[in-house]
């Protein structure tokens, strides 16, 4: 059951996203080009365009990475991979796979729970793609911008395991049931080090707002949280390892394990429902890789001060130059993300699969203690630096000079005390806020106005 605080936060975020849609440049352009549509028609058309773009985004990563997986696997195994479908490099192999799956018959075992069996793939794919709602693709380009965006994104992504467990349970097959049980045990265990390593950049930045976390990594690659301290450096590699297990990627793909369980939790699935599981898998691979880039690798910053200053120098606002600067930043982010996805594919076709007892031992005996040690280390690191070199960072400007301006409390008067009420005296509490002028790092940051949080 969702808590009232989280429900109110999600509701406020959705209301803000609706307001931003109404005030977006697309709606204004539609009203100017087609004044007869009116405000309602312009909003409807803008929503349709956005939905089409989201649908394209759903299919495009899978389209690219399925082809990349086949080519990388072929090269590692001294083969050529796809070479005939769509030209010399087999560019249309993913499209051919999709057409083939659409034509296959949608079957369900006679003894299966038909409702859960048919709903499970949709739970998995919706959970995997819904997490992108809270992720910024560029400065200010977020569907729902929340101060707890990282927390909500990880919470939504964790719902994927529910669909996989239901798929294994409802298939009336022991192989599927074993796969679902393995996934449940694996995900519950690996979410502990995943959460601890994801919190480390939050401790460094002091916020769970992903846009602010990226803004603090501006100015050069030495400002990336990957290089903030030795504990954060190790946390990145631990985070990446744990995400392999959360995505059921080798060597942690025990939920499928075709050498042991035929196909694992999706043994009884065919056609498009079978493809939904892999569509969600590639989407989750893309999501966790993007999250690693945002948290540790500077997000949409190139890491080269000359290029970043040129990006910042582009005029902002809702005009063409502001749109171009955000597109360039998004291309940088997607390029870094694609590189990490390539590493995930590389690892799959290089390392052998572990046994289920080895997978659980790796998590509980090694990854959890190491993640706790790294979390403790990153908390005490600023104290160590302040007591030795009188600074909170080894190099670069302090983090406070890289964060966008925000409205923060500056004064709080004495609150009413119960003893004062009994004695007849009156008291009141009041919090005053003031807008702080943004402090820009020496190497420049993307300029944007802070708001109340």
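Can you tell me which of 374-381, 308-315, 348-355 comes out highest on packing, and rank the rest after it, using the mean Cβ neighbours within 10 Å?
The densest-packed peptide leads the list: 374-381, 308-315, 348-355.
Testing the spin-label approximation: label points 7 Å from Cα along Cα→Cβ at residue 172 and residue 380. State their distance in nm.
5.8
If I model a spin label as a point 7 Å beyond the Cα along the Cα-Cβ vector, how far apart are those points for residue 47 and residue 73 in nm?
4.1
Given axes a ≥ b ≥ c from the Cα gyration tensor, I'd like to know whether region 316-377 is rounded (a/c under 1.5), prolate (a/b larger than b/c) or oblate.
Taking the square roots of the gyration eigenvalues as a ≥ b ≥ c, region 316-377 is oblate.
How much length is gained if the chain between residue 100 and residue 310 is pulled fully straight, taking 0.36 nm per residue apart and subtracting their Cα-Cα distance, in nm to one decimal?
71.0 nm
What is the Cα radius of gyration of region 104-388 over 2.2 N^0.38 Å, N being its residue count?
Working it through for region 104-388, the quotient is 1.08.
Relative contact order for region 203-327: what percent, with Cα pairs under 8 Å and sequence separation of 6 or more?
33
Among 216, 208, 360, which comes first, then next, by fewest other beta-carbon atoms within 10 Å?
360, 208, 216
Does anything in region 277-302 have its amide N under 19 Å from the 7 Å Cα→Cβ label point of residue 162, and if so which residues?
Answer for region 277-302: 277, 280-281, 284.
Full extension from residue 391 to residue 342: what is 0.36 nm times the residue separation minus their Cα-Cα distance, to one decimal in nm?
Stretched out fully, the residue 391 to residue 342 stretch lengthens by 13.9 nm.
Taking the beta-carbon count within 10 Å as an exposure proxy, list 256, 110 from fewest neighbours to most.
110, 256
I need 203, 124 ordered by Cβ neighbour count within 10 Å, fewest first.
By the 10 Å Cβ count, ascending, the order reads 203, 124.
Given R₀ = 56 Å, FRET efficiency for residue 80-residue 361 by Cβ-Cβ distance, to 0.05?
According to the calculation, E is roughly 0.90.
If the label point is 7 Å along Cα→Cβ of residue 373, which residues in region 174-207 have backbone nitrogen under 12 Å from it?
Nothing falls inside the zone, counting backbone N under 12 Å.
Between residue 192 and residue 89, how high is the FRET efficiency from 1/(1 + (r/R0)^6) when r is the Cβ-Cβ distance and R₀ = 51 Å? Nearest 0.05.
The formula returns an efficiency of 0.75 here.
So what are region 152-277's ellipsoid semi-axes, whole angstrom, largest first, if each one is the square root of 5 times an eigenvalue of the alpha-carbon gyration tensor?
35, 14, 12
Using the Cα gyration tensor of region 31-156, with a ≥ b ≥ c the square roots of its eigenvalues, what is the shape: rounded (a/c below 1.5), prolate (a/b larger than b/c) or oblate (neither)?
prolate
Each value in this text was obtained by applying a stated rule to the coordinates, not by laboratory testing. Please read all numbers here as calculations on a predicted model, not as lab measurements. Every residue, glycine among them, receives a Cβ derived from its backbone with ideal geometry; neighbour counts consider all protein chains shown.
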